Amino acid sequence: MASSIAHITSNQKFPYPSTLNVANFVSINLFQKNFLLWKTQVLCLIESQHLRGFISGKITAPDQFIITGSKQQINLDYLQWKCQIDSYMDGSE
């Protein structure tokens, strides 16, 4: 059964959530006395959404533009990467 949270289509390099509510994964706010519980929830979110590479730096931002000859055009890999980052930022508010 395919996950409805993170998916990759054949032409995508970066998974992104179709519906992600961070509160479903991280149910508590971070305070000094609950760090270990909060950390466990955050790590589960990171793993389940395949974000480890973004955090470790293994997945880096592709070049924003591609230059071919005298033409400069937007890099589609960059757009997919940006969509991934933006979707998680929107889901964490």
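The values are calculated or read from the model by the stated rules, or taken from the named source; none is laboratory data. This one's a predicted model, so the numbers in the text were calculated from it and none came from an experiment. When the accessible area is computed, the model is the full protein with side chains, heavy atoms only, and any ligands, DNA or RNA have been set aside. Shrake-Rupley method; radii C 1.70, N 1.55, O 1.52, S 1.80 Å.
Give me a comma-separated list of calculated 3J(HN,Hα) values for region 68-79, in order, Karplus coefficients 6.51, -1.76, 1.60 applied at θ = phi - 60°, integers in Hz, x for any Gly or Pro.
10, x, 9, 9, 10, 9, 5, 7, 5, 5, 5, 4
How do Phe35, Phe54 stack up against each other in accessible area, from largest to smallest, with a 1.4 angstrom probe?
Accessible-area ranking of Phe35, Phe54, largest first: Phe35, Phe54.
Applying the Karplus parametrisation 6.51 cos²θ - 1.76 cosθ + 1.60 with θ = phi - 60° to the phi angles of region 22-39, what ³J(HN,Hα) value in whole Hz is obtained for each residue in order, glycine and proline being reported as x?
With the stated coefficients, region 22-39 comes to 4, 4, 6, 9, 10, 8, 10, 7, 6, 9, 4, 8, 10, 4, 5, 5, 4, 4 Hz.
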